Amino acid sequence: MKSRKKRAVRMMAIRSEIASLLLKKKRILLLCHVTPDGDCIGSLLALGRALKRLDKEVIMACEDDIPSFLKFLPQEGELIKTEDVTQSFDIAIAIDSADSNRLGDKGLELFKTQDLTINIDHHSSNPNYGAINYVDPKRSATGEIIMDLILDLGLKLDEKLSEPLYTALFTDTGGFRFSNTTAQTLEKAAKLVKAGANPAFISSEIHEHKSPGYFKLLALAFNRITLVEKICYTWISFKEVEDLGLDFGAAEELSTYMKMMANIEIAIVFKEKEKNLVKVSLRSQSSYNVATLAEKFGGGGHPKAAGCVIEAPLNTAINQVLAKAKEVS
């Protein structure tokens, strides 16, 4: 009990320090990880909008395009590519990035070259790569941390802040279905709804309005499902995604579907981002720690959900991960 209280006090002190710095500094760069998801984009937009209300000069940047199902979140011109960032900043903040390399080449360069770096995340594998680190694996999503930070800044929640924050919580908990959903998560979600977030609208934007190509992509992946002992995996190529007129993020839900299969330990989806570059999404249905497996390839995440990127042909990446999977328990 004492250790939990000490930890809570320590985390609150770090968050207070970050809030104090944000109130004092003027030029702030917010960065999120490559192949962005709902948590990193939602957290990024909420914090960026909050800081702009405090008259800060804020740039919100990402290495990759955001997936189509999240395009309802940013306003036009609100989120830019890291390659278009040219100015310097007082503070650079990495949001929801389990490792600094997940910021992408340009993102990492920008992060490292600023006066002060802050790392805000909830992945247990995070190595604390910032000058200041607020890493809390007990949070269901980084959005929970950002919500508290916004309140620490003395701001009130409204629709423009609550919508991205609710999206962060909703997506990283699988619609409040995953084991990382806590009473605190649901309490925060309720506060966000009271402040203006529309659960039905957000759920619809994320899970509905799919194109025929999306279902054709699912059919391709489902037809390839392969079982090796207690491992279930499938794959898609970048050409297939391209030919169907989809963006890379269209395959994001595949790992969730794969995890539904009974009597497996691990579900793996191999998504070829481009030639010789493969994103690997890992999900665990048992005590198997997929974060440990992801770390073997420079990735990370949570014990039940993790990922990595492998620079290799698709078949090579599949063989490498399956081989290493047997070494992890």
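Below is a table of values for the structure above.
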| quantity | calculated |
| --- | --- |
| In range of the label at THR316: residues from the stretch 269-297 whose backbone nitrogen is under 19 Å from the point 7 Å along Cα→Cβ | 270-281, 296-297 |
| Axial C-alpha extent at least 18 Å, average Kyte-Doolittle at least 0.0 - helices from the chain (DSSP) | 38-53 |
| Solution diffusion estimate, µm²/s, Stokes-Einstein, the stretch 1-157, Kirkwood Rh from C-alpha pairs, 4 °C, viscosity 1.567 mPa s | 83 µm²/s |
| Which label in [x] 16.4; [y] 18.7; [z] 17.2 gives the computed mean projected area of the Cα convex hull in nm² | [x] |
| 20 Å Cα-Cα threshold exceeded, pairs from LYS52/LYS112; LYS275/LYS326; LYS24/LYS56 | LYS52/LYS112; LYS275/LYS326 |
| Among 116-124, 231-239, the order from most to least packed when residues are scored by Cβ within 10 Å on average | 116-124, 231-239 |
| Simple spin-label estimate for ARG177 and LYS230 in nanometres, 7 Å along Cα-Cβ | 2.2 nm |
| Computed [θ] at 222 nm, deg cm²/dmol, the chain (DSSP H ≥ 4; -39,500 (n - 2.57); rounded to nearest 500) | -12500 deg cm²/dmol |
| Those lysines that a straight Cα-Cα span of less than 18 Å connects to LYS138, excepting residues fewer than 8 apart in one chain | LYS2, LYS5, LYS6, LYS188, LYS304 |
| Solitary cysteines of the chain, where the nearest other Cys Cβ is not under 4.7 Å | CYS62, CYS232, CYS308 |
| Aspartates and glutamates whose Cα lies under 17 Å from that of LYS191, excluding same-chain neighbours fewer than 8 positions away | GLU144, ASP148, ASP152, ASP158, GLU159, GLU163 |
| Charge-dipole axis of the chain as Lys and Arg at +1 and Asp and Glu at -1 on Cβ define it, positive-most pick from GLY107, MET11, LEU155 | MET11 |
| Listed residues GLN285, GLN87, GLN114, most fluctuating in the chain (Gaussian network, C-alpha, under 10 Å) | GLN87 |
| Approximate spin-label separation ALA200-ASP152, in nm, with each point projected 7 Å along Cα-to-Cβ | 3.6 nm |
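Values quoted throughout were computed directly from the atomic coordinates according to the rules given, and no laboratory measurement underlies them. Predicted model, so just to flag it, every value in this text is computed and none were measured. Using ideal geometry, Cβ is built from the backbone for each residue, glycine included, and neighbour counts are taken over all protein chains shown.
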